[in-house]
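All of the numbers you see were taken from the coordinates with simple rules; none came from a lab. Quick caveat: nothing in here was measured; it's all calculated off a predicted structure. Note: ideal-geometry Cβ built from the backbone for every residue, glycine included; neighbour counts use all protein chains shown.
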Amino acid sequence: MQLTKKALAQNEWTVLLLGIALVGGVFIRFFPTLVVGFPVNDGGMFLSMVRDLTPSAYLLPEFTSYNQLQIPFAYPPFGFYFARILSDIFKISEINLLRFVPPFVNSLSILVFYFLSAELLKSKSLGALSSVFYALTPGAYGWFVMGGGLTRSFGSLFLLLSAYFVYRLFQSGEIKLVAWSIVCCTATVLSHPEAGVHLAATCILLWICFGRTRRSFFYAMLVGLGVLSLSAPWWRAVISYHGFAPFLSALHTGSLDSSFFSAILRAFLGDGLTPILILFKAVGVIWAIWKKEYFLLIWVFLPYIIEPRSAPSAAFYPLTMLSALAFAEAFPYFFSRWRRIDFDELYKNKIYNFILFFVALILFIDSSLYNFRLIGNSLKPAEIETMKWIEENFSSNAKMIAITGNPSPEVDPFVEWLPALSERRNQSTLQGYEWLLGEKFFERYSDLAELQKCETVACVEEWSSRTKLEYQFVVIAKLSKNELVNLSFANSKKYRQIYDNGEVAIYRK
């Protein structure tokens, strides 16, 4: 009877932890878009791609209409078809789908992460504890709840599901798991390009650490062939339209300018205001070295070797598990005068539980504060109003440049959403060029960043002449931050102001 009572009590404690992860995680993931009333940060190009599936009658288009650039429709299309089908069946606007689908899907990943970490750590309680860190880590969910999370959130969800089923396949050898692995791995490949790359590396690592048998190698080959076959309708269509050029072009955009060690350092520092997680991550790595948890250690660093651009998201999974090991095993071990404490008994310790829930509260508050950074970097009503005005008043072949003062064009919501909502061409938008420019992508990135530093008409005109990017209209957003360039255009005899709503001004040549 005592054993039964103990198991039930520990099970309730595990459920409580998982409940904290789910409730807190869901709240902080939905909060930004509920406040903004619009998709958070990015997603403009994806809105166009979802809408492109209507005139194509659900066939994969050759190009996307976004920014009138003839950008190949080469992006993995699962998220676009998912949104298009939901919109057509339930009559939900595409904008609202970009608001709510990403945080919903990323909330589901909390539960999937629990199952994966429970398997890898051989403990449901450790899995639940890992889920608390996964759900509440400040900033770790940011890219997945934005409008662009329509693809990124699915990529993350299916990557975790794939790792779960592939690990179980290598461990148990059950033939039914081959089918589940094929389905989830295919969904990952069809959801996000970088998630597919990280999944391939993770599966190889899983085989090296937990497979290495003829049977598991045979299963791995079956999974690979199955994924290649099921994803063929997409990649064969893209290749038939464009050859391999879009994929080769995208390969050149994997990283900006960060070194391996500086990228790793940023992963450990994170986006939070408190240093709690830095300590847990560092201690977790040291503990893993001591306990010879080589899989988790390699999994932390592998993404930065394979594909640095999205490596922080992929490395976050093992770092979260290492943080849980630090809290559940390393600290109790050292604070008990080098006497081993069984984690299965810690749920009874009131002091331990108080510290745990205090840490969870701190992380929840920190994540809530981080959310205001997401809210601040999203479109404002006046900006949306401007884009609708442009759609109604500019000719369909009009070309413009948008100046916002943001030197990072990849995280500038105004310049990304402008072509999507106005359906006009903006010469200062970066999104889409990863499929077109190849090695010249970062040259264009630098050019667009330089434009945002301009404070005079002469600077803008010299930039246009040098880059050969012509325009008829100049759109100046965030007027309070761009007073100098706005004043220069207002005083220039070459330009005439045709619009001003207090936040955005438009000048015509």
If the chain between L248 and N353 were fully stretched, how many nm would it gain, using 0.36 nm times the residue separation less the Cα-Cα distance?
32.7 nm
Each label point is 7 Å from the Cα along the Cα-to-Cβ direction; what then is the distance between the points at S229 and R508, in nm?
6.0
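Can you tell me the dipole magnitude for the chain around its Cα centre, using point charges on the Cβ only (Lys, Arg +1; Asp, Glu -1), in Debye to the nearest 20?
It comes to approximately 1200 debye.
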Between segment 139-187 and segment 265-292, how many Å separate their Cα centres?
25
Using only Cα atoms and rounding to the nearest 10 degrees, what angle (0 to 90) does helix 149-172 make with the longest principal axis of the chain?
30
Hey, could you get me the Stokes-Einstein D for the chain, Kirkwood radius over alpha-carbon pairs, 37 °C and 0.692 mPa s, rounded to whole µm² s⁻¹?
134
Once you place label points 7 Å from the Cα toward the Cβ at E439 and K494, how far apart are they in nm?
3.4
For the chain, what is the calculated [θ] at 222 nm in deg cm²/dmol (nearest 500), taking -39500 (n - 2.57) for each run of four or more DSSP H residues and dividing by its residue count?
-21500 deg cm²/dmol
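Equivalent-ellipsoid semi-axes (√(5λ), Cα gyration tensor) for segment 239-331, whole Å, largest first? If you can, show how the numbers build up before the last one.
Working: eigenvalues 208, 42, 20 Å².
The answer is 32, 14, 10 Å, longest axis first.
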For segment 381-508, the fraction of alpha-carbon pairs in successive 5 Å shells from zero, as %:
2, 11, 23, 26, 22, 12, 4, 1
Which angle from 0 to 90°, rounded to the nearest 10, does the C-alpha axis of helix 260-269 make with the longest principal axis of the chain?
70
For the chain, what is the percent of antiparallel DSSP beta bridges, rounded to the nearest 5?
65
Around G405, under 14 Å between beta carbons, what's the net of Lys plus Arg minus Asp minus Glu among the other residues?
-3
Quick one: order E416, E94 by neighbouring beta-carbon count within 10 Å, fewest to most.
E94, E416
Taking neighbour counts of Cβ atoms within 10 Å as a proxy for exposure, in what order, fewest first, do C454, C459 appear?
C459, C454
Please arrange L361, L97, L479, L418 by counting, for each residue, the other beta carbons lying within 10 Å of its beta carbon, fewest first.
L361, L479, L97, L418
Go through G432, L120, M146 and say which Cα lies farthest out towards the positive end of the charge dipole of the chain; charges sit on Cβ, +1 for Lys and Arg, -1 for Asp and Glu.
L120
Enter the per residue convex hull volume of segment 171-285, computed from alpha-carbon coordinates, in Å³ rounded to the nearest integer.
161
Determine, from the Cβ-Cβ distance of C209 and S395 and an R0 of 56 Å, the FRET efficiency 1/(1 + (r/R0)^6), rounded to the nearest 0.05.
0.40
Express in whole angstrom the spacing between the alpha-carbon centres of segment 203-255 and segment 379-456.
33
If I model a spin label at I278 and I239 as a point 7 Å from the Cα along the Cα→Cβ vector, what separation in nanometres do I get?
4.8
